[in-house]
Amino acid sequence: MTRLPTPSASARSASGRGPVEVELDWDALEVAVERNANDTESFLELTTGKVITISAGDVEAGVLRQQVTANLHDYLRVEPASSREQYRWMEKFVGSVADETLRERLIMSIDGKGAFRRFKDVLLGYPAERERWFSYRADLLHWHIHNWLLANDITSTVPAPWGEVVPPAELPVVPGRPVVHGAEAPGEALRRQARELIDTIPAIDLPSALAFLEFLKQRGADAIGRHRAGDDDASTAPDDPRRAAS
């Protein structure tokens, strides 16, 4: 998707716009900051406080893109929290989980592609920790929004529904196996061990081993499919950060 140009805060100031005070659509802005997808981008309309989202393949995408392009001075691209940043949030949360069994499962869940979905799937069986995760993530998202608005000199005539925003508290690190950056990930270590084990299996038994691996692969795909509706990866369809249980 071709990104539309949008003037920076400094460019708007140079043009004489100065500070912006508007009635922000807080809920739409929160969703836009949370969503991080290559085929989607959102813009804050500085004259109304509304947020418009342009998604590739949407029937109205062309009209919306033309609307923004023709009035660039009235729009500011919403900068979402990056996937890398949101991944770091998961890592910090995992390091704070006291239940050793759950912590080990979460460490493995965030290894590799699809980490966000697997992470949420694991938490489905732990309602209290799932609620704690959503609360922590909401605080981080709201802090991101606060800093983005501050950097762009934007204030709202209506208060945010989540109240005053303060820097999120650091989560305590529970003693145990840490989430180590740069080392062999737990999932990769298990895959290496599996490959080494396969090398020791007689050729005559390999068809049975492969059939069992296919079964495990399909079971994992089925589990993802059961929870996929309304609960997608952060880079495609984000969670409601205030939803503690659903």
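See the values below:
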| read-out | value |
| --- | --- |
| Stretchable slack from ALA98 to VAL59, in nm (0.36 nm times residue separation minus alpha-carbon distance) | 9.3 nm |
| Per-residue HN-Hα couplings for region 201-206 [Karplus 6.51, -1.76, 1.60; θ = phi - 60°; Hz; x = Gly/Pro] | 7, x, 4, 5, 9, 4 |
| Summed residue charge, Cβ within 11 Å of ASP58's Cβ, Lys/Arg positive, Asp/Glu negative | -1 |
| Likely footprinting exposure, VAL158, VAL174, fewest C-beta neighbours within 10 Å first | VAL158, VAL174 |
| Sorted by Cβ neighbour density within 10 Å, fewest at the top, the residues GLU34, GLU170, GLU60 | GLU170, GLU60, GLU34 |
| Under-5 Å amide H pairs with TYR75, H placed in peptide plane, nonlocal only | LEU46 |
| Size of electric dipole in region 9-77: Cβ of Lys, Arg +1 and of Asp, Glu -1, about Cα centre, debye, nearest 20 | 380 debye |
| Sites TRP143 and LYS113, calculated FRET efficiency, Cβ-Cβ separation with R0 30 Å, nearest 0.05 | 0.65 |
| Neighbourhood net charge (11 Å Cβ-Cβ; Lys/Arg +1, Asp/Glu -1) for PRO168 | 0 |
| Phi to ³J(HN,Hα) by Karplus 6.51 cos²θ - 1.76 cosθ + 1.60 over region 152-163, Hz, x for Gly, Pro | 9, 6, 10, 10, 10, 7, 10, x, 5, x, 8, x |
| Whether region 20-162 is rounded, prolate or oblate, judged on the alpha carbon gyration tensor where a/c under 1.5 counts as rounded | prolate |
| Sites GLU85 and LYS217, calculated FRET efficiency, Cβ-Cβ separation with R0 41 Å, nearest 0.05 | 0.85 |
| Burial ordering of ASP139, ASP205, fewest other beta-carbon atoms within 10 Å first | ASP205, ASP139 |
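Taken together, the values in this text are just the output of simple stated rules run on the coordinates, not laboratory data. In this text the structure is predicted, and so the values were computed from the model without any measurement. Cβ sites come from the backbone with ideal geometry, for glycine too, and all protein chains shown count toward neighbours.
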